[in-house]
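As structure tokens, the structure follows; a few thoughts come after it.
The values are calculated or read from the model by the stated rules, or taken from the named source; none is laboratory data. None of these values were measured; they are calculated from a predicted model. No Cβ is skipped: glycine too gets one built from the backbone with ideal geometry, and neighbour counts run over all protein chains shown. What goes into the accessible areas is simple: the full protein's heavy atoms, side chains included, and nothing from ligands, DNA or RNA. Shrake-Rupley method; radii C 1.70, N 1.55, O 1.52, S 1.80 Å.
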Amino acid sequence: MSDFSSFNFSGHKALVRVDFNVPLDDQFNITDDTRMTATIPTIKKILADGGSAILMSHLGRPKDGPTDNYSLKHLVKHLSELLGGQTKVFFANNCIGEQAGMTASMLRGGEVLLLENLRFYKEEEKGDKAFAEKLSKLGDVYVNDAFGTAHRAHASTAVIADFFPADKKMFGLLMEAEVKSAEKVLHQSEKPFCAIIGGAKVSDKILIIENLLERATDIIIGGGMAYTFLKARGGNIGNSLCEDDRLQTALDILEKAKQKNVSIHLPETSVIADKFAADANTQECPSDQIPAGWMGLDIGGKAVGIFSETIKKSKTILWNGPMGVFEMEKFQNGTKSIALAVAESTANGAFSLVGGGDSVAAVNKFNLADKVSYVSTGGGALLEYFEGKELPGIAAINK
Ligand code: AMP
């Protein structure tokens, strides 16, 4: 593979896989453009060198071919604005075929072409070779800057790389930064290394916890998933979220942690509610003594204190998943306090990586995104990376 930063794109047509899978409202306004802004430096470098950029992405989950509401045409205006307004941005109403081919071939240095939604073809998700080859013909250099889909072995994210020689395929700047920060945490972590895992379900996080048991010093478990662990240890959790078919898994994890000398921290106290609603009655109690009819929707004050102390003495921090139902004001204190502790630890020299949809939403909500070392754009991709899996999008370039 080539090094993006030192590659001179002058005279090249770079075919760039971006992740423009942004949320749109019913008027097709982009409600969060983070994924687009994250890849702009990559596009700008190609254009500044005198190259042209052919951008390909998916948007949403179209089921049966082209539909207007999943068209990438809705993004053209904003893309043009993000590039400064002077750059010519063309749109092809297909990602393969005559019009795409013609526009790509006529593209001049400094110009951009956005292709229509890749997932209008079933071949994309199937990783179809013939489809990947057709896409590959549009450019002479392949750049993968879509970390958000790096865990998918799709035509445009992985299979396509086989149609480019080693010196004509590379990661873009975003992908490079994502991989670098994830590697730093997983393979070069300075100790103590604290992983904060939260969110709703244990079943989604078993593999990541098991892999982290090999590397972390401390694992903090919060959010809805903590109650499965607490029940497994014999606690009363009332109506709190619980996966009864995972109780044994939870016990196995606790036992393994003991053997490996990893400290697992469960919330000692919880903010409990009499219903799952913003206007519920609330009180605090020990997390293993939740009365019948009540449910734990946030970590309590004592848990915040203990978790924060652990975070503040750590040198490496990974955070995936909120500590409570942070979308509701009454249950946001735990997540907010943990975000502040991560920010404080970062200010004191720790390396902190925040990833996974909801923890990113949380640091954004509390305006702390620029107070942590790195905020990942990859949800599922980051999770799979930390589960220890080889991501097809990364492997295809490295190979
Ligand atoms: P995940 O997608 O698994 O990371 O879960 C994120 C979701 O978990 C968020 O929408 C939170 O509101 C929710 N969540 C966090 N803590 C709890 C809890 N104690 N009970 C129910 N839901 C929770």
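Table for the structure above
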quantity: Condition met for Ala155 (out of contact with any His (no Cβ under 6 Å at 6 or more places or on another chain), in a helix (DSSP H, G or I), at pLDDT 95 or above and open to solvent by less than 60 Å² (accessible area, probe 1.4 Å)); calculated: no
quantity: Pairs where the first residue, in region 147-159, is aromatic (Phe, Trp, Tyr) and the second is open to solvent by 10 Å² or more (accessible area, probe 1.4 Å) and part of a helix (DSSP H, G or I), C-beta under 7 Å, 6+ apart; calculated: Phe147/Leu174
quantity: Residue list for region 255-287, restricted to those being more than 16 Å from the ligand (Cβ to nearest atom), surrounded by 15 or more Cβ atoms within 10 Å (Cβ to Cβ) and either on the phi > 0 side of the Ramachandran plot or aliphatic (A, V, I, L, M) (or both); calculated: Ala257, Val262, Ile264
quantity: Subset of region 188-228 [at pLDDT 95 or above, within 13 Å of the ligand (Cβ to nearest atom) and of a type in the set (Ser, Thr, Tyr)]; calculated: Tyr227, Thr228
quantity: Given (1) out of contact with any Ser or Thr (no Cβ under 7 Å at 6 or more places or on another chain); (2) within 16 Å of the ligand (Cβ to nearest atom); (3) among the small types (Gly, Ala, Ser), number of the condition Ser337 does not satisfy; calculated: (1)
quantity: Selection within region 255-305 - assigned to a strand (DSSP E or B) and more than 31 Å from the chain's Cα centre (by Cα); calculated: Thr282, Gln283, Glu284, Cys285, Pro286, Gln289, Ile290
quantity: For Ser352: the one exception among (1) in contact with a Gly (Cβ under 9 Å, 6 or more places away or on another chain); (2) within 15 Å of Cys194 (Cα to Cα); (3) among the polar types (S, T, N, Q); calculated: (1)
quantity: Qualifying residue in region 244-253 (condition: more than 20 Å from the chain's Cα centre (by Cα), of a type in the set (Asp, Glu), open to solvent by less than 40 Å² (accessible area, probe 1.4 Å) and outside the structural domain of Val18 (by TED's automatic domain parsing)); calculated: no
quantity: Meets criteria (closer than 24 Å to Lys302 by Cα, open to solvent by less than 40 Å² (accessible area, probe 1.4 Å), within 12 Å of the ligand (Cβ to nearest atom) and among the aliphatic types (A, V, I, L, M)) for Ala362; calculated: yes
quantity: Selection within region 230-262 - in contact with a Lys or Arg (Cβ under 6 Å, 6 or more places away or on another chain) and not β-branched (Val, Ile, Thr); calculated: Cys242
quantity: Residue in region 38-54 that is within 16 Å of Arg119 (Cα to Cα) and touching a helix residue (DSSP H, G or I) at 6+ places or on another chain (Cβ under 8 Å) present; calculated: no
quantity: Residue check for Ser181: away from the ligand (no atom under 13 Å from the Cβ) and either over 17 Å from the mean Cα position of the chain (by Cα) or surrounded by fewer than 24 Cβ atoms within 10 Å (Cβ to Cβ) (or both); calculated: yes
quantity: Matching residues, region 172-200, being among the β-branched types (Val, Ile, Thr) and under 19 Å from Thr149 (Cβ atoms); calculated: Val179
quantity: From the options Leu212, Leu241, Leu207, residue that is within 26 Å of Lys313 (Cα to Cα) and in contact with a strand residue (DSSP E or B) (Cβ under 9 Å, 6 or more places away or on another chain); calculated: Leu212
quantity: Single residue of region 97-126 satisfying the filter (touching a strand residue (DSSP E or B) at 6+ places or on another chain (Cβ under 7 Å) and part of a helix (DSSP H, G or I)) that is most open to solvent (accessible area, probe 1.4 Å); calculated: Gln99
quantity: Region 1-32 - residue that is within 28 Å of Gly50 (Cβ to Cβ) and in a strand (DSSP E or B) and, of those, nearest to the chain's Cα centre (by Cα); calculated: Arg17
quantity: Leading residue by the ranking (nearest to the ligand (Cβ to nearest atom)) among those in region 290-307 that are more than 18 Å from Phe276 (Cα to Cα) and open to solvent by 10 Å² or more (accessible area, probe 1.4 Å); calculated: Val304
quantity: Members of region 40-89 that are touching a Leu at 6+ places or on another chain (Cβ under 9 Å), under 15 Å from Ala14 (Cβ atoms), of a type in the set (A, V, I, L, M, F, W, C) and in contact (Cβ under 8 Å) with a residue 40 or more places away in the chain; calculated: Ile40, Ile43, Leu47, Ala53, Ile54, Leu55, Met56, Leu83
quantity: Any hit, region 341-357, residues being assigned to a loop (DSSP other than H, G, I, E, B), on the phi > 0 side of the Ramachandran plot and not aromatic (Phe, Trp, Tyr); calculated: yes
quantity: Residue count for region 310-329, restricted to those that are away from the ligand (no atom under 12 Å from the Cβ) and free of Cβ contacts under 8 Å to residues at least 60 places away in the same chain; calculated: 2
quantity: Tally, over region 222-247, of residues that are in a helix (DSSP H, G or I) and under 23 Å from Asn320 (Cβ atoms); calculated: 10
